[in-house]
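Here's the structure we're looking at; comments come further down.
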Amino acid sequence: MLSLDPEWLISVGVAAFLAIVFLQSGLDKVFDFSGNLAFIGDMFANAPIRVPVAPLLVCVTVFETAAGLLSGVGALVLVFGGNGTLAYWGAIFAAISLLMVLSGQRLSKAYGDAAVIAPYFLVCCLGIHVLGS
């Protein structure tokens, strides 16, 4: 049900934002897995420990795609009068995905890239807070 309630608007906005970000990122990894694997392999070439890049990339891809799908379907459910449960889980999967990516970026010493994650993580936290209420 369409509403101008600020909490509802924030819920739909956050869910839509996370759907866009994580569907694009997850599907990019699905459709260009080898390119992403090469790019991330190069990132970890000088990491202080050996990292199993391919399995970790699969894990991040699954979480990002799930976050995007849950958020997208959750946004639609909210728009059509349902509850925010799917969008809530989308925000949780998105936050977990970002923590995985952040860990990898810090480990590979890509500190500038890691810093960019903070605003996205805050949006996830806002979504978890608003949608979990």
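The values are calculated or read from the model by the stated rules, or taken from the named source; none is laboratory data. These figures come from a predicted structure and were not determined experimentally. Reconstructed Cβ throughout: ideal geometry from the backbone, glycine too, with neighbour counts over all protein chains shown. Calculation scope for accessible area: heavy atoms of the full protein, side chains included, ligands and nucleic acids excluded. Shrake-Rupley method; radii C 1.70, N 1.55, O 1.52, S 1.80 Å.
Can you find even one residue in the range 70-91 that is under 21 Å from GLY41 (Cβ atoms), touching a residue at least 24 places away in the same chain (Cβ under 8 Å) and of a type outside the set (D, E, K, R)? So that I can check it myself, show each step before the final result.
From the range 70-91, those under 21 Å from GLY41 (Cβ atoms) are none; that's our starting set.
There is no residue in the range 70-91 that is under 21 Å from GLY41 (Cβ atoms), touching a residue at least 24 places away in the same chain (Cβ under 8 Å) and of a type outside the set (D, E, K, R).
For the range 98-133, which residues satisfy the criterion of being under 20 Å from ILE10 (Cα atoms), among the small types (Gly, Ala, Ser) and crowded, with 16+ Cβ neighbours inside 10 Å?
Within the range 98-133, GLY127 is the sole residue that qualifies.
Could you tell me whether VAL14 is open to solvent by 70 Å² or more (accessible area, probe 1.4 Å), assigned to a helix (DSSP H, G or I), in contact with a helix residue (DSSP H, G or I) (Cβ under 8 Å, 6 or more places away or on another chain) and at pLDDT 95 or above?
Details: open to solvent by 70 Å² or more (accessible area, probe 1.4 Å): no; assigned to a helix (DSSP H, G or I): yes; in contact with a helix residue (DSSP H, G or I) (Cβ under 8 Å, 6 or more places away or on another chain): yes; at pLDDT 95 or above: yes.
For VAL14, the condition - open to solvent by 70 Å² or more (accessible area, probe 1.4 Å), assigned to a helix (DSSP H, G or I), in contact with a helix residue (DSSP H, G or I) (Cβ under 8 Å, 6 or more places away or on another chain) and at pLDDT 95 or above - is not met.
Can you name the residue in the range 17-60 that is part of a loop (DSSP other than H, G, I, E, B) and small (Gly, Ala, Ser) and, of all such residues, is nearest to SER97 (Cα to Cα)?
Residues of the range 17-60 part of a loop (DSSP other than H, G, I, E, B): 32, 44-52.
In the following step, the residues that additionally are small (Gly, Ala, Ser) were identified as 45, 47.
Numbers: ALA45: 22, ALA47: 20 Å.
Result: ALA47.
Being in contact (Cβ under 8 Å) with a residue 24 or more places away in the chain and touching a Phe, Trp or Tyr at 6+ places or on another chain (Cβ under 8 Å): is that true of ALA47 here? Break it down into steps so the answer makes sense when it comes.
Details: in contact (Cβ under 8 Å) with a residue 24 or more places away in the chain: yes; touching a Phe, Trp or Tyr at 6+ places or on another chain (Cβ under 8 Å): no.
The answer is no for ALA47.
Which is at pLDDT 95 or above and more than 20 Å from HIS129 (Cα to Cα), of VAL21, VAL73, VAL58? I'd like the intermediate steps shown before the answer.
On the way: VAL21 fails: more than 20 Å from HIS129 (Cα to Cα); VAL73 fails: more than 20 Å from HIS129 (Cα to Cα).
None of the others qualify; the one that does is VAL58.
If a residue has to be open to solvent by 80 Å² or more (accessible area, probe 1.4 Å) and more than 26 Å from LYS109 (Cα to Cα) to count, how many in the range 18-60 make the cut?
Taking the range 18-60 and keeping what is open to solvent by 80 Å² or more (accessible area, probe 1.4 Å), we get 20, 24, 31, 34, 39, 42, 46, 48-50, 55-56.
Checking the rest, the ones that are also more than 26 Å from LYS109 (Cα to Cα) come to 20, 31.
Going through the range 18-60 one residue at a time, the tally reaches 2.
Taking the residues in the range 61-85 that are farther than 27 Å from ASP32 by Cα and assigned to a helix (DSSP H, G or I) as candidates, determine which candidate is least open to solvent (accessible area, probe 1.4 Å). First the steps, then the outcome.
Restricting attention to the range 61-85, the residues satisfying the condition of being farther than 27 Å from ASP32 by Cα are 76-85.
Next cut, assigned to a helix (DSSP H, G or I) only: 76-79, 85.
Working: LEU76: 102, VAL77: 50, LEU78: 12, VAL79: 54, THR85: 70 Å².
Ranking the qualifying residues of the range 61-85, first place goes to LEU78.
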